[in-house]
Amino acid sequence: MSALKLLITAGTMTLFVTSASADRGADGVVNILNWQAASMMNPYISGQDNDTIPASLVLEPLASYNDNGELFPRLAVNIPTIENGGVSKDMKSITWILKPGLEWSDGTPVTARDVVFTANYCMDPKMGCAVAFGFEGVEKIEALDDLTVKVTFKVPTVVPYTLFVGWFYPVIQAKQFADCLGAKAPTCTEANFYPIGTGPFAVTSFKPSDAIQLKANPHYRDPEKPSFSIVNFKGGGDALGAARAVLQTGEFDYALNLQIPPDVLSKMEKAGKGKIQLSFGTWVETLFMNLTDPSPTLPPDERSTVKHPNPILSDVRVRKALSIAIDRATLSEIGYGPMGKPTCDWITAPANFAAGNTECLKQDIPGAVKLLEEAGWKSGADGIREKDGKELKLTFVTTTNPIRNQAQAVIKQWWHEIGVEVDLKSVDTSVMFGGDTSNLENVQRFYTDVQMWVNYANGTDLGSYVTTFTCNQAPRPDNQWQGWNAPRYCDTKYDALVTELGSTADIEKRAEIVKQLNNMLLDSYAIVPLVWRASVSGISDTLGGSVLNAWDSPLWNAQDWYRKK
């Protein structure tokens, strides 16, 4: 089915989940644990999971993806289509209609003006919006009346479900953020810590990198939800401790991102307190190669910028050597077992978008050595390669996590076999994925040579996801170090193909373009995919209603959670 046909025939889906309680707050307290502690509650400033996940309890978009990857309306009455008149026949506009009677958690009405304000807030070039790429191509956005918002695009946009769709694009209250535009955005601590939202819960206490407490939103649109009156959201610690707190001790009801060995999880489940939820979406554990120079001797506004190419990794032969020296099957087996699959591809799902590359799955140490020799890196007296008096030495950073740190050590060993010295670094997750733009150790600053972390798409159409590696998404001083193009990869051919994708309606052609984009990235070795891994959470046996969703926030249906009787 083509994307055009999808737009014409798509219907509106409404989710109905039966709760064990019919009264708001009747089930008392629910305890959630994420070892990746939150630094703020504003996904427009920080697009990191540790911040966007708890924020999804408070802030909502117009529409979201369910666990089957299907769109459903949240704040909107329906999903706009050509058939219902919400999408123009020339595909240059989409019109959203808000549900009547919506209120913010402070009791004031939600209007189309809030939606327009949100767009302008993010599109302000001085703001450094973390998801600015989702608003690219927008010519204007206007409130036609109190409940109607029209988005007009510069060119026909065959899949217009990006802005205000999914947990990264919620609507924020215009009144609360009125004085937080442009460069002022990061300075609005009260608004960024305590956003007024439409979601099932409202923030009552926020301690950065520690704990959040929330209460049931008294103005939530469903009078019988949520079933819990209080959410205690604890951050920090590690994945092992988080799993233990749900599966063994029962102190917590829900734990996120349990990236620990599968055999350990299996043993914990035998305690009978909880179980594991997992689903495969687009999560790929990946190495990111810094194509720029992270040297601390450079001026702060030039370090890790395109002004200074990386003296080692700017050579694609070196990057390829590092890639083919890795045994992905071993990494997957020792780290993930049945919760992971070795992969060469950055895009692994949906299946029709996956290229299915397999060449990298065979480790090739001799081939890696040959490439380094060709690149002029000769073996030194101590076995470490040298060129022009400089040793082949790299800094390699990831988060403090047993699986990742084990993978680091194993990769270091393989790289040492080919003559590369590696300095390993491990950074607390709340720091590496912290939203503070002055944070010198986060993924956007990239003050090392190699990073390892996971990236994934928001929803099942990958049109916005592939913009991640367009030239203007490289973090830099003039965009407040925002953007997810960590390697600073830039290829005008890649950008042109992304533009072509934006005007391609046929789903099969879209899939082919996505595969081409995937392959361009693989050929650049700016990113090195390793393991396609499942999203893993732990859930108490006493918690009902939770459905793991690979296409949206893990807490996407927290309004439906309840305590089992």
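The values are calculated or read from the model by the stated rules, or taken from the named source; none is laboratory data. Note that the structure is predicted; figures quoted are calculated from it, not measured. Cβ atoms come from the backbone with ideal geometry, glycine included; neighbour counts cover every protein chain shown. These accessible areas exclude ligands, DNA and RNA; they are computed on the full protein's heavy atoms, side chains included. Shrake-Rupley method; radii C 1.70, N 1.55, O 1.52, S 1.80 Å.
Name the pairs whose Cβ atoms lie under 7 Å apart, with the first residue in the range 148-172 and among the polar types (S, T, N, Q), the second assigned to a strand (DSSP E or B), and 6 or more positions between them or separate chains?
Thr148/Thr95; Thr148/Ile97; Thr152/Ser93; Thr152/Glu139; Thr152/Lys140
Does any residue of the range 79-97 turn out to be within 30 Å of Arg445 (Cβ to Cβ) and out of contact with any Leu (no Cβ under 7 Å at 6 or more places or on another chain)? It would help to see each step written out before you state the result.
Residues of the range 79-97 that are within 30 Å of Arg445 (Cβ to Cβ), as a first pass: none.
Checking the range 79-97: not a single residue is within 30 Å of Arg445 (Cβ to Cβ) and out of contact with any Leu (no Cβ under 7 Å at 6 or more places or on another chain).
If you scan the range 292-324, which residues turn out to be open to solvent by 70 Å² or more (accessible area, probe 1.4 Å), part of a loop (DSSP other than H, G, I, E, B) and either among the acidic types (Asp, Glu) or over 25 Å from Leu440 (Cβ atoms) (or both)?
Initially, the range 292-324 is screened for residues open to solvent by 70 Å² or more (accessible area, probe 1.4 Å), giving 296-297, 300-301, 306-307, 309, 311, 317, 320.
Cutting the leftovers down to part of a loop (DSSP other than H, G, I, E, B) gives us 296-297, 300-301, 306-307, 311.
If the condition is that a residue be open to solvent by 70 Å² or more (accessible area, probe 1.4 Å), part of a loop (DSSP other than H, G, I, E, B) and either among the acidic types (Asp, Glu) or over 25 Å from Leu440 (Cβ atoms) (or both), then Asp301 is the only one that fits.
If I go through the range 499-526 residue by residue, how many of them are in a helix (DSSP H, G or I), open to solvent by less than 30 Å² (accessible area, probe 1.4 Å), at pLDDT 95 or above and of a type in the set (A, V, I, L, M)?
Number satisfying all stated conditions: 5.
Any chance you could count how many residues in the range 265-282 are among the β-branched types (Val, Ile, Thr) and either crowded, with 23+ Cβ neighbours inside 10 Å or in a loop (DSSP other than H, G, I, E, B) (or both)?
1
Being closer than 15 Å to Ser546 by Cβ, of a type in the set (A, V, I, L, M, F, W, C) and in a loop (DSSP other than H, G, I, E, B) is the filter here; which residues of the range 241-264 pass it?
Passing the criteria: Phe252, Leu256, Leu258.
Can you name the residue in the range 368-379 that is open to solvent by 30 Å² or more (accessible area, probe 1.4 Å) and part of a helix (DSSP H, G or I) and is also nearest to Arg328 (Cα to Cα) among such residues?
Looking at the filtered set, the residue picked out is Val369.
Just to be sure, is Gly137 within 23 Å of the chain's Cα centre (by Cα), open to solvent by 10 Å² or more (accessible area, probe 1.4 Å) and of a type in the set (Gly, Ala, Ser)?
In short, yes.
If a residue has to be hydrophobic (A, V, I, L, M, F, W, C), under 23 Å from the mean Cα position of the chain (by Cα) and not in a loop (DSSP other than H, G, I, E, B) to count, how many in the range 325-360 make the cut?
So the answer is 4.
To keep it simple, each residue is scored yes or no on (1) among the hydroxyl-bearing types (Ser, Thr, Tyr); (2) at pLDDT below 95; (3) within 30 Å of Arg385 (Cα to Cα).
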residue: Gln444; (1), (2), (3): no, yes, yes
residue: Gln451; (1), (2), (3): no, no, yes
residue: Asn455; (1), (2), (3): no, yes, no
residue: Asp461; (1), (2), (3): no, yes, no
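Just a yes or no: is a residue in the range 406-413 open to solvent by 10 Å² or more (accessible area, probe 1.4 Å) and either assigned to a loop (DSSP other than H, G, I, E, B) or touching a Cys at 6+ places or on another chain (Cβ under 8 Å) (or both)? Break it down into steps so the answer makes sense when it comes.
Residues of the range 406-413 open to solvent by 10 Å² or more (accessible area, probe 1.4 Å): 406-407, 409-410, 412-413.
Next cut, either assigned to a loop (DSSP other than H, G, I, E, B) or touching a Cys at 6+ places or on another chain (Cβ under 8 Å) (or both) only: none.
No, every residue in the range 406-413 fails to be open to solvent by 10 Å² or more (accessible area, probe 1.4 Å) and either assigned to a loop (DSSP other than H, G, I, E, B) or touching a Cys at 6+ places or on another chain (Cβ under 8 Å) (or both).
Among (1) over 22 Å from Pro299 (Cα atoms); (2) buried (at least 16 other Cβ atoms within 10 Å of the Cβ); (3) among the polar types (S, T, N, Q), where does Asn442 come up short?
(1)
Go through the range 435-450 and report how many residues are in contact with a strand residue (DSSP E or B) (Cβ under 8 Å, 6 or more places away or on another chain) and assigned to a loop (DSSP other than H, G, I, E, B). Steps first, answer last, please.
Here is the first cut: in the range 435-450, the ones in contact with a strand residue (DSSP E or B) (Cβ under 8 Å, 6 or more places away or on another chain) are 441, 443, 446, 448-450.
From what is left, the residues that are assigned to a loop (DSSP other than H, G, I, E, B) are 441, 443, 446, 448-449.
Residues that pass the stated criteria total 5.
Determine which single condition Cys490 fails, assuming it passes every other condition in (1) open to solvent by 10 Å² or more (accessible area, probe 1.4 Å); (2) hydrophobic (A, V, I, L, M, F, W, C); (3) at pLDDT below 95.
(3) is the only condition that Cys490 fails.
Which one of these is hydroxyl-bearing (Ser, Thr, Tyr), touching a residue at least 60 places away in the same chain (Cβ under 8 Å) and surrounded by fewer than 23 Cβ atoms within 10 Å (Cβ to Cβ): Ser93, Ser39, Ser46, Ser88?
Values: Ser39 fails: surrounded by fewer than 23 Cβ atoms within 10 Å (Cβ to Cβ); Ser46 fails: surrounded by fewer than 23 Cβ atoms within 10 Å (Cβ to Cβ); Ser88 fails: touching a residue at least 60 places away in the same chain (Cβ under 8 Å).
From the options Ser93, Ser39, Ser46, Ser88, the qualifying one is Ser93.
Please find, among Gly340, Gly367, Gly376, Gly383, the residue that is of a type outside the set (Lys, Arg) and free of Cβ contacts under 8 Å to residues at least 24 places away in the same chain. Don't jump to the end; show me each part of the working.
Values: Gly340 fails: free of Cβ contacts under 8 Å to residues at least 24 places away in the same chain; Gly367 fails: free of Cβ contacts under 8 Å to residues at least 24 places away in the same chain; Gly383 fails: free of Cβ contacts under 8 Å to residues at least 24 places away in the same chain.
Of Gly340, Gly367, Gly376, Gly383, the one residue that is of a type outside the set (Lys, Arg) and free of Cβ contacts under 8 Å to residues at least 24 places away in the same chain is Gly376.
Would you mind stating whether Ser426 is small (Gly, Ala, Ser), at pLDDT 90 or above and open to solvent by 20 Å² or more (accessible area, probe 1.4 Å)?
Yes; evaluated as a whole, the condition is true for this residue.
Any idea which of Thr292, Thr358 is under 18 Å from Asn519 (Cα atoms) and among the polar types (S, T, N, Q)? Lay out the reasoning, then the answer.
Details: Thr292 fails: under 18 Å from Asn519 (Cα atoms).
When all the criteria are applied, what remains is Thr358.
Which one of Gly128, Gly197, Gly107, Gly134 is part of a loop (DSSP other than H, G, I, E, B) and modelled with pLDDT under 95?
Result of the check over Gly128, Gly197, Gly107, Gly134: Gly128.
Return the residues of the range 178-192 that are touching a residue at least 24 places away in the same chain (Cβ under 8 Å), open to solvent by 20 Å² or more (accessible area, probe 1.4 Å) and touching a Lys or Arg at 6+ places or on another chain (Cβ under 9 Å); say none if nothing qualifies.
Leu181, Ala183
Can you tell me which residue among Thr198, Thr249, Thr189 is touching a His at 6+ places or on another chain (Cβ under 9 Å), on the phi < 0 side of the Ramachandran plot and of a type in the set (Ser, Thr, Tyr)?
Selected residue: Thr198, the only one of Thr198, Thr249, Thr189 that is touching a His at 6+ places or on another chain (Cβ under 9 Å), on the phi < 0 side of the Ramachandran plot and of a type in the set (Ser, Thr, Tyr).
Please work out which one of (1) over 30 Å from Gly337 (Cα atoms); (2) assigned to a helix (DSSP H, G or I); (3) open to solvent by less than 70 Å² (accessible area, probe 1.4 Å) is the condition Lys175 fails and give its number.
All conditions are met except number (3).
Can you name every residue in the range 334-367 that is open to solvent by less than 20 Å² (accessible area, probe 1.4 Å), touching a Ser or Thr at 6+ places or on another chain (Cβ under 8 Å) and not aromatic (Phe, Trp, Tyr)?
Listed by number, the residues that qualify are Gly340, Cys344, Ile347, Thr348, Ala349.
Which of the residues that make up the range 496-542 are closer than 30 Å to Thr249 by Cβ and touching a Pro at 6+ places or on another chain (Cβ under 8 Å)?
Within the range 496-542, Val531, Ser535, Ser537 qualify.
Just to be sure before I move on: is Phe153 open to solvent by less than 30 Å² (accessible area, probe 1.4 Å), more than 23 Å from Asn217 (Cα to Cα) and touching a strand residue (DSSP E or B) at 6+ places or on another chain (Cβ under 8 Å) in the structure I sent?
yes
Here is a yes/no grid of residues against (1) within 21 Å of Ala368 (Cα to Cα); (2) open to solvent by less than 30 Å² (accessible area, probe 1.4 Å); (3) outside any loop (DSSP other than H, G, I, E, B); (4) not β-branched (Val, Ile, Thr):
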residue: Gly419; (1), (2), (3), (4): yes, yes, no, yes
residue: Val431; (1), (2), (3), (4): no, no, yes, no
residue: Met452; (1), (2), (3), (4): yes, yes, yes, yes
residue: Thr467; (1), (2), (3), (4): no, yes, yes, no
